[in-house]
Amino acid sequence: MSKDGFDFKELGLVCLNCLTALEETGSSLLCQKCGQKYPVLQGIPSFTDINPLFEGRFVGHIRPSRFSNKWFFPVFEYFNIASQRVIFLKRSLKQLPRGSKILDVGCGGGGYGFILKGFGQVVGTDVSLKSLEYAKAVYPVVHASITALPFPSGYFDAVVSSDVLGHIPLEQKAKAFSEMHRVLKKGGLMVHSAIETDSDSVWFRFAKKYPALFQRYHIDKHGHIGLEMPSVILDRCREFSFDILNVGKINAMILRPEVIIGWFDNEYREKNKGIAALVEISKWIDRFKISRIGFSLLLGVTEKLVNPFIDVNKTTGLLLCCQKRK
Ligand SMILES: [Zn+2]
């Protein structure tokens, strides 16, 4: 038992070299078969190097709304454009049996932890040790890369991620998918809510007209070093023998004011008068709670009407629920 109260044995941790169960010895975990040792840092078993690109980032939490018990909340959430990824996550995980084991890969500070814990026993992994120090207040965590997961094969009922795969370098994608596939049970769910993608959307086509700005505000700002077209991601799922159960799109044609501000409230304003105006309107909407909520609902309804007619490659956020073939 660690001093934070996690029983490492219960996490099912195995050696990365030989997939043998690990024994706790003093301040580290030891493989009985090949002798490989893994340190425990700040109460967190560590299986990877620290990646300075992500250290201490993405530590926000999504807490359940204080209105979540009110009768109107499901309706509000259903139409609110900002809730679509959470709705997708919940709808996907609802299929899991009770007591399911869930792996939250690239969990950062455990942002979706409070939601995930409603569906089973959750373990979080991330390459950022500092972010994990926040996440461990929510659920047990392990310092590990998505490309080398220290868990037995066929161990989890679901592997979930939120805003992770866009951060994985292209040359590591296949390894990441093969690891997520390996640790899942047959029939287990892989749910990404969402994957940041490359896109053929009007927004990205405009943004890419200025390659230096695109690099600065769409790649470097967030560490989106592994953006791929949605169709490429879907093909890879099929290649790894996942059946695709459900696909959703966010940030396709309809962007929320805060996304418009995040993307274009910079040198892009000087490139196009229409964009400059949109940024100004978005800032105005974003200033008052009432206009923010009103527009979230209005845009949510519009998105629902428009999205079915939009090609998947026009999204910049892919919602994906797959099942490992039985
Ligand atoms: Zn070993």
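The values are calculated or read from the model by the stated rules, or taken from the named source; none is laboratory data. Since this is a predicted model, take the numbers as computed values, not measurements. Cβ placement follows ideal geometry from the backbone for every residue including glycine, while neighbour counts extend to all protein chains displayed.
Of all positions in region 89-112, at least one carries a residue that is more than 17 Å from the chain's Cα centre (by Cα) and buried (at least 18 other Cβ atoms within 10 Å of the Cβ). Scanning region 141-172 for residues that are in a loop (DSSP other than H, G, I, E, B) and either in contact with a Pro (Cβ under 6 Å, 6 or more places away or on another chain) or buried (at least 21 other Cβ atoms within 10 Å of the Cβ) (or both) yields a count of 9.
Say whether the condition of being closer than 29 Å to Leu305 by Cα and at pLDDT 90 or above is met by at least one residue in region 107-115. Scanning region 107-115, I find at least one residue that is closer than 29 Å to Leu305 by Cα and at pLDDT 90 or above, so the answer is yes.
Filtering region 25-46 to residues that are under 23 Å from Thr147 (Cβ atoms), touching a residue at least 40 places away in the same chain (Cβ under 8 Å) and either touching an Asp or Glu at 6+ places or on another chain (Cβ under 6 Å) or more than 15 Å from the ligand (Cβ to nearest atom) (or both) leaves Leu41, Gln42, Ile44, Ser46.
Would you mind finding the one in Leu96, Leu103, Leu22 that is in a strand (DSSP E or B) and more than 16 Å from the ligand (Cβ to nearest atom)?
None of the other options fit; the residue is Leu103.
You will find that of Leu213, Leu234, Leu255, Leu245, the residue that is surrounded by 15 or more Cβ atoms within 10 Å (Cβ to Cβ), assigned by TED's automatic domain parsing to the domain that holds Val191 and under 25 Å from the mean Cα position of the chain (by Cα) is Leu234 and no other. Hey, does region 292-307 have a residue that's of a type in the set (Gly, Ala, Ser) and part of a strand (DSSP E or B)? No: region 292-307 contains no residue that is of a type in the set (Gly, Ala, Ser) and part of a strand (DSSP E or B).
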